[in-house]
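*Asks:* Let me give you the structure first, and then I'll get to my questions.
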Amino acid sequence: METKYFGKRIQRNEDPRILTGQALFVDDVELPDMLHATFLRSDYPHARINSIDISAALARPGVIAVYTAKDMGDYWKPGPLLVPAPTAIPGVVFNKRTQVPMAREEIRHQGEPIAVVIAKSRYIAEDALADIVADLEPLDPVVDVEKALEPGSPLVYNDLGTNLASHVQQENGNYAAAAAQADVVIKAHIVIDRGIAGAMENRGLVVQWDPKSQHLTVWATTQAPIALRNGLSGILGLSESQVRVIAPFVGGGFGPKIMVFQPEEVVLTWASMKLGLPIKYIEDRQENFLAMTQERNQIHDAEIALTKDGKILGVKDVFVQDTGAFNSYALTVPLNTQTHTTGPYKVPNYYSEFRVAFTDRILVTPVRGAGRPYGVFVMERLMDLAAKKLGLDPTEIRRRNYLQPEEFPYRTGIIGQDFAKNILDSGNYPATLDKALEMIEYEQFIKEEQPKLRAQGKHVGIGVVTFTEGTGVGPYEGGRVTVEASGKVSVATGVGTQGQGHYTSFAQVVAEQLGVPVEDVRVVTGDTDQFHWGAGTFASRGATVAGNAIHAAASLVRAKILKLASKTLQVPEEDLVLENSEIHSATHPTTCIPLGELAVKANPSRGAVEPGAEPGLEATAYYGPPYGATAGGTVAMIVEVDTELMRVEIKRYVIAHDCGTVINPLIVDGQIHGGVSLGVGNSFFEKLVYDENGQLMNGTFMDYLIPRATDMPYIEIGHLSTPSPLNPLGIKGVGEAGAIPTPAAFAQAVENALADYNLEVREIPLSPNRLFELLEESKTS
Amino acid sequence: MKPASFEYYAPTNVDEALARLAELGYGVKVLAGGQSLVPSMNFRLAQPPALLDLNNVQELFYIRPTSDGGVAIGTMTRDSQVEHDALIKEKFPIIAAAMHFMAHPQIRNRGTFGGAIAHADPTAQLPAVVLALNGRMRIRSQQGERWVAAEEFFVGPFTSVLEPEELLVEVELPPTPAHSGWSYRQMERQAGAQALVGVAVMVSLDEAGKCRSARIAFLSVGETAVLARQAAQMLTGQKPTAELIHAAAETAANVDIEPGGDIHCSVEYRRHLAEVLARQALTEAFERAGR
């Protein structure tokens, strides 16, 4: 299809504002008489609250209010479950324990809020924290996920009698029977850690209750403005029309900002209504480490059964997952792991079982990748071990097991995060492998380059892994497209944004349909007064779901334009062309009308409007996919390991990526770059270290390292396109693509670089210290 | 992460600053570049009742040659200014080399040379470099002036010999002898992150090509920057062969230092790094000295 805007590598509409500091972020909101809030957070991971004395804090000049859970009366209650329990899975165990506004009787993780101070400035509020006397009785903390499930472990919830939050078993085929027939069965114990989302902007909130208009306005760094509005109005006993949630520019979300009805949101909206004054709360980085949701470790015992020529007969994976003190976000993370493990491969028999444990740590919710990288890591490690055992090239064993392009849609038989049996809609994995190998010059590297460098004493290695990314899940999103009298177009959607470039990619979709410049399309997303239906920006679904909804709305507007222009110009619709913000006849180009003029005609100020007609050139449409669109790709990475200092350098990073039809390759590249950065972090930097008392040991960016520009390799991207058959635009998501395969590719490459050490990488992240230990072990074994 | 309230003083000359220090003693903290102090105030780890801001004391910003061929650096001279100074580059290239690893350029633009010394962070580059260069500190108070050698200056983590009424006003570096060589090496997890181990080495050779002197100063291996004295002794008076350098590095890592472990680096890995880095640095320094 010949396009003018759609699919073009164009610069982002929003960047000039962001780069020159002209974009509104939550902390930019300043209101008259605005108060500032800060929270007293527990140092203990587990403790009983005997008493909290707030009198000295209240007496401090400038302090307006101090509240504890007890002050909230009946308003205090555990929040709702944000994702339903997966009752669709037979035999599932799910013990619900959701997050509370502030700890009332018992503290269950370090950083849990126990009091809030509202003062005339943040400085005064922080001064007053030291005035609060909290009598806390420390209890034995539950820190280690495996020990949490052992008999006799201290309990996060005494009333539950166990730390088991859930237990899920799923099987497709019969793994035991497959393993019995296999030539080889390979087992691996694999430990994977992840960490914080680390968005540049921490959470922020400004709440304003206007007693006269009886209206609540909330500016929030949320990925789900509509869910937040609907939930808060319910919690506060207000009509949804009394609450407006605005998610302005958001400086990165990466998952945790999808988490709604967080303690701060619930407490401060209530406080603003009580005080009748606006309140600002900006989370600082220290709090972000102790209070924002995160991901943590999974521990797997996995095995793979194969024939001697490397055909997979079955995979078995049994793992535990830490959910922290609450499970408000249910099982999205482990279910994503479960559905993504077999990935691009044909695995006829797959058994997967997981147990989730409560611990005295921050609750786990999805972080970019959201459980998928764990599954990919497990599977790719199994494939590498199998290749080694069978004497196959790692790329060859993969090639022998890929699902082939003609096998789609492919049913894996495993229920995923959307509670439907997982279906891979389309893909071409062999093509991504070919492309990646060509880009990295695989043959040349292993036959010439690597032997040459090894002869020089250098430890260089290559890793090649293929992955899938389930994207674009339901339920739905919507969009409204309006042509204004100026000829410019406004678009409203409720999906929200976290910096992905929606202001541009959605504009491109509309510009293509309506023949207007991209910069003339103004997108509003994340203001519930502009559009109040939608789910949110998560699970790599924005472009796929909202993009198609907006496309549908733009197509309806296009039809309206053609109909009215045909009537106005007396030209048949088939002869009309929409370009350069005007409609003209293809055969008589001078017969034309500017789009703005047509919009005015569609909204007459006098005269009768025909019955059934709608005013204006406007339409609203929705799109809900039947199931998710599956993106995928292959990563190839070359690393060099300095075996003296234990420094690992990524020399080359190649990704052949397929996210279906691309709206804007520049934005897709950016998404991949960001994802790779997170993947690099997971590979050798990011790990939340808790001591045996449940104290976080690295709660600052000085000790918790995230990749910086200097740590990033140059990323070579190859675009392939297997359009999704599920949606009119053929789009698949890309938000998590870079994060998913990177740790697995890294492990394989490091292992390959250290071939002469007989070392197996069965864990991630691999810090220099850990690499040192592994090398020492390999010397003594 | 907002600091507690504090009084603020901004003197314009050293005498005024010293008077304020004499008056307030432990009740005041000197603010130089603020790159360590201000974050710790924001974390409320430090809550000084008052700050004495030296940023308007023009007489403390300088780099100048000394009469004996060394260099004197005024305490408020910005790190980046030292890093890019022609005289420093000519006489003490090790400083610019080490500074490359010191946090980030933006921080070096604000951070000061004397501030980094007075802060006495055992994981910082400059104390080890000044120790390797055998520098000395000029300290003033209303009572007068005293000089303290780097070896005496650092007494513990974030602790120096400075008394509350005293101000570090200058760091003086003596000239390096003929046939000198230098090296700075470190391992860090990422650019700008704290060094897991670092080592600053200064050596010189005599006419016969034997080691006349060696100063091996480590960072991040103890409570202060640490001189590896026994390793230096092994080298002194000897031909610096590869075998001897290996042995000296081993001694440095296993005898001269008592490192601790942390979440980034175990004791074993730290000793391993100290040995590798000392060997690499000594080899490079002797190579440079022989040129």
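The values are calculated or read from the model by the stated rules, or taken from the named source; none is laboratory data. On a predicted model such as this, the values are computed, not experimentally measured, just so you know. Heads up, the Cβs are rebuilt from the backbone with ideal geometry, glycines too, and the neighbour counts pull from every protein chain shown. With ligands, DNA and RNA removed, areas are computed over all heavy atoms of the protein, side chains included. Shrake-Rupley method; radii C 1.70, N 1.55, O 1.52, S 1.80 Å.
So that you can scan it fast, the table gives a plain yes or no per residue for (1) polar (S, T, N, Q); (2) open to solvent by less than 30 Å² (accessible area, probe 1.4 Å); (3) modelled with pLDDT of 95 or more; (4) in the same structural domain as B:Ala193 (by TED's automatic domain parsing):
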site: B:Val71; (1), (2), (3), (4): no, yes, yes, no
site: B:Thr75; (1), (2), (3), (4): yes, yes, yes, no
site: B:Gln106; (1), (2), (3), (4): yes, no, yes, no
site: B:Leu126; (1), (2), (3), (4): no, yes, yes, no
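*Asks:* For segment A:120-130, what are the residues that are open to solvent by less than 30 Å² (accessible area, probe 1.4 Å) and either without any contact (Cβ under 8 Å) to a residue 24 or more places away in the chain or away from chain B (no Cβ under 11 Å) (or both)?
*Replies:* Scanning segment A:120-130 gives a single hit, A:Ala128.
*Asks:* Please find, within segment A:751-777, the residue that is nearest to the other protein chains (Cβ to nearest Cβ) out of those that are touching a Phe, Trp or Tyr at 6+ places or on another chain (Cβ under 9 Å) and outside any helix (DSSP H, G or I).
*Replies:* A:Ser767
*Asks:* For B:Ile73, state whether it is under 15 Å from the mean Cα position of the chain (by Cα), β-branched (Val, Ile, Thr) and assigned to a strand (DSSP E or B).
*Replies:* Values: under 15 Å from the mean Cα position of the chain (by Cα): yes; β-branched (Val, Ile, Thr): yes; assigned to a strand (DSSP E or B): yes.
It is true that B:Ile73 is under 15 Å from the mean Cα position of the chain (by Cα), β-branched (Val, Ile, Thr) and assigned to a strand (DSSP E or B).
*Asks:* Continuing with the same structure: Does B:Glu258 fit the bill of being free of Cβ contacts under 8 Å to residues at least 60 places away in the same chain, out of contact with any His (no Cβ under 6 Å at 6 or more places or on another chain), away from every other protein chain (no Cβ under 13 Å) and not hydroxyl-bearing (Ser, Thr, Tyr)? Step through it out loud before you land on a result.
*Replies:* Working: free of Cβ contacts under 8 Å to residues at least 60 places away in the same chain: yes; out of contact with any His (no Cβ under 6 Å at 6 or more places or on another chain): yes; away from every other protein chain (no Cβ under 13 Å): yes; not hydroxyl-bearing (Ser, Thr, Tyr): yes.
Yes.
*Asks:* Among the numbered criteria (1) open to solvent by 10 Å² or more (accessible area, probe 1.4 Å); (2) touching a residue at least 24 places away in the same chain (Cβ under 8 Å); (3) away from chain A (no Cβ under 14 Å); (4) assigned to a helix (DSSP H, G or I), which single criterion is violated by B:Leu244?
*Replies:* B:Leu244 satisfies every listed condition except (2).
*Asks:* Any idea which of (1) open to solvent by less than 20 Å² (accessible area, probe 1.4 Å); (2) within 14 Å of another protein chain (Cβ to nearest Cβ) is the one A:Met712 doesn't satisfy?
*Replies:* (1)
*Asks:* I've got another one for you. Would you pick out the residues in segment B:147-167 that are under 21 Å from B:Val28 (Cα atoms) and either open to solvent by 10 Å² or more (accessible area, probe 1.4 Å) or among the basic types (Lys, Arg) (or both)?
*Replies:* If the condition is that a residue be under 21 Å from B:Val28 (Cα atoms) and either open to solvent by 10 Å² or more (accessible area, probe 1.4 Å) or among the basic types (Lys, Arg) (or both), then B:Phe154, B:Val155, B:Pro157, B:Phe158, B:Thr159, B:Ser160, B:Val161, B:Leu162, B:Glu163, B:Pro164, B:Glu165, B:Glu166 are the ones that fit.
*Asks:* When you look at A:Leu678, is it part of a helix (DSSP H, G or I), surrounded by fewer than 24 Cβ atoms within 10 Å (Cβ to Cβ) and not charged (D, E, K, R), yes or no? Reasoning before the result, please.
*Replies:* Details: part of a helix (DSSP H, G or I): yes; surrounded by fewer than 24 Cβ atoms within 10 Å (Cβ to Cβ): no; not charged (D, E, K, R): yes.
Taking the combined requirement at face value, the residue does not satisfy it.
*Asks:* Now, a different point. With assigned to a helix (DSSP H, G or I) and free of Cβ contacts under 8 Å to residues at least 60 places away in the same chain as the only criterion, which of A:Leu228, A:Leu216 stands out?
*Replies:* On the way: A:Leu216 fails: assigned to a helix (DSSP H, G or I).
After ruling out the rest, the residue left standing is A:Leu228.
*Asks:* Check A:Ala739, A:Ala747 and return the single one that is in a helix (DSSP H, G or I) and touching a Lys or Arg at 6+ places or on another chain (Cβ under 7 Å). Steps first, please.
*Replies:* On the way: A:Ala739 fails: in a helix (DSSP H, G or I).
The match here is A:Ala747.
Rundown of residues vs (1) within 14 Å of chain B (Cβ to nearest Cβ); (2) open to solvent by 10 Å² or more (accessible area, probe 1.4 Å); (3) at pLDDT below 95, yes/no style:
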position	(1), (2), (3)
A:Phe25	no, yes, no
A:Gly62	yes, yes, no
A:Asp71	no, yes, no
A:Glu112	no, no, no
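*Asks:* Looking at segment A:333-450, what strands (runs of 3 or more DSSP E) fall wholly within it and have at least 3 residues that are under 30 Å from A:Ser42 (Cα atoms) and either open to solvent by less than 10 Å² (accessible area, probe 1.4 Å) or among the small types (Gly, Ala, Ser) (or both)? Reasoning before the result, please.
*Replies:* On the way: elements: A:349-358, A:410-415, A:421-424.
Of the strands (runs of 3 or more DSSP E) lying wholly inside segment A:333-450, those with at least 3 residues that are under 30 Å from A:Ser42 (Cα atoms) and either open to solvent by less than 10 Å² (accessible area, probe 1.4 Å) or among the small types (Gly, Ala, Ser) (or both) span A:349-358.
*Asks:* Looking at the structure I just gave you, is A:Gly694 of a type outside the set (Asp, Glu) and crowded, with 21+ Cβ neighbours inside 10 Å? Walk me through how you get there before you give the answer.
*Replies:* Details: of a type outside the set (Asp, Glu): yes; crowded, with 21+ Cβ neighbours inside 10 Å: no.
Here the answer is no, as A:Gly694 does not meet what is asked.
*Asks:* Also, quick follow-up: Let me spell it out: the conditions are (1) within 12 Å of chain A (Cβ to nearest Cβ); (2) open to solvent by 10 Å² or more (accessible area, probe 1.4 Å); (3) among the hydrophobic types (A, V, I, L, M, F, W, C); (4) more than 17 Å from the chain's Cα centre (by Cα), and B:Ala208 meets all of them except one. Which number is the exception?
*Replies:* (1)
*Asks:* Just one of the numbered conditions (1) more than 18 Å from A:Ala128 (Cβ to Cβ); (2) assigned to a loop (DSSP other than H, G, I, E, B) is not true of A:Met102; which one?
*Replies:* A:Met102 satisfies every listed condition except (1).
*Asks:* Among the residues in segment B:198-205, are any closer than 19 Å to B:Ala96 by Cβ, open to solvent by 30 Å² or more (accessible area, probe 1.4 Å), within 14 Å of chain A (Cβ to nearest Cβ) and part of a strand (DSSP E or B)? Full working, then the answer.
*Replies:* Initial filter on segment B:198-205 (closer than 19 Å to B:Ala96 by Cβ): B:198-203.
Now narrow it down to the ones that are open to solvent by 30 Å² or more (accessible area, probe 1.4 Å): none.
Taking every residue of segment B:198-205 in turn, none turns out to be closer than 19 Å to B:Ala96 by Cβ, open to solvent by 30 Å² or more (accessible area, probe 1.4 Å), within 14 Å of chain A (Cβ to nearest Cβ) and part of a strand (DSSP E or B).
*Asks:* Another one. Can you tell me which of (1) in contact with a strand residue (DSSP E or B) (Cβ under 6 Å, 6 or more places away or on another chain); (2) within 14 Å of chain A (Cβ to nearest Cβ) is the one B:Val28 doesn't meet?
*Replies:* (2)
*Asks:* Does A:Lys147 satisfy the condition of being closer than 30 Å to A:Ala370 by Cβ, in a helix (DSSP H, G or I) and basic (Lys, Arg)? Step through it out loud before you land on a result.
*Replies:* On the way: closer than 30 Å to A:Ala370 by Cβ: yes; in a helix (DSSP H, G or I): yes; basic (Lys, Arg): yes.
Judged against the criteria, A:Lys147 is a match.
*Asks:* Of everything in segment A:293-309 that's farther than 18 Å from A:Val191 by Cβ and surrounded by 22 or more Cβ atoms within 10 Å (Cβ to Cβ), which residue is modelled with the lowest pLDDT?
*Replies:* Going through segment A:293-309, the residues farther than 18 Å from A:Val191 by Cβ turn out to be A:293, A:305-309.
From the residues that got through so far, the ones that are surrounded by 22 or more Cβ atoms within 10 Å (Cβ to Cβ) too are A:293, A:305-306.
Details: A:Thr293: 95, A:Ala305: 98, A:Leu306: 98.
Here the answer is A:Thr293.
*Asks:* Name every residue in segment A:87-99 that is assigned to a strand (DSSP E or B) and of a type in the set (Val, Ile, Thr), in order of residue number.
*Replies:* Residues of segment A:87-99 assigned to a strand (DSSP E or B): A:93-94.
Across segment A:87-99, the qualifying residue is only A:Val93.
*Asks:* Checking the condition at negative phi and within 12 Å of chain B (Cβ to nearest Cβ), which residue from A:Lys732, A:Lys687 passes?
*Replies:* Details: A:Lys732 fails: within 12 Å of chain B (Cβ to nearest Cβ).
The unique qualifying residue is A:Lys687.
*Asks:* Going through B:Arg185, B:Arg140, B:Arg189 one at a time, which residue ends up being touching a strand residue (DSSP E or B) at 6+ places or on another chain (Cβ under 6 Å), within 14 Å of chain A (Cβ to nearest Cβ) and open to solvent by 10 Å² or more (accessible area, probe 1.4 Å)? Talk me through it step by step, then tell me what you get.
*Replies:* Numbers: B:Arg140 fails: within 14 Å of chain A (Cβ to nearest Cβ); B:Arg189 fails: touching a strand residue (DSSP E or B) at 6+ places or on another chain (Cβ under 6 Å).
Just a single option satisfies the conditions, and that option is B:Arg185.
*Asks:* Identify the residue in segment A:631-664 that is within 15 Å of A:Phe746 (Cβ to Cβ) and within 14 Å of another protein chain (Cβ to nearest Cβ) and, among all such residues, is surrounded by the fewest Cβ atoms within 10 Å (Cβ to Cβ).
*Replies:* Applying the first criterion (within 15 Å of A:Phe746 (Cβ to Cβ)) to segment A:631-664 yields A:634-641, A:646-655.
Okay, now just the ones that are also within 14 Å of another protein chain (Cβ to nearest Cβ), so A:641, A:646-650.
Details: A:Val641: 24, A:Met646: 25, A:Arg647: 14, A:Val648: 21, A:Glu649: 12, A:Ile650: 22.
Filtering segment A:631-664 for residues that are within 15 Å of A:Phe746 (Cβ to Cβ) and within 14 Å of another protein chain (Cβ to nearest Cβ), the one surrounded by the fewest Cβ atoms within 10 Å (Cβ to Cβ) comes out as A:Glu649.
*Asks:* For segment A:180-197, enumerate the residues that are open to solvent by 20 Å² or more (accessible area, probe 1.4 Å) and not hydrophobic (A, V, I, L, M, F, W, C).
*Replies:* A:Gln181, A:Asp183, A:Lys187, A:His189
*Asks:* Can you name the residue in segment A:340-364 that is in contact with a helix residue (DSSP H, G or I) (Cβ under 6 Å, 6 or more places away or on another chain) and of a type in the set (Ser, Thr, Tyr) and is also nearest to A:Gly694 (Cα to Cα) among such residues?
*Replies:* By that ranking, first place goes to A:Thr359.
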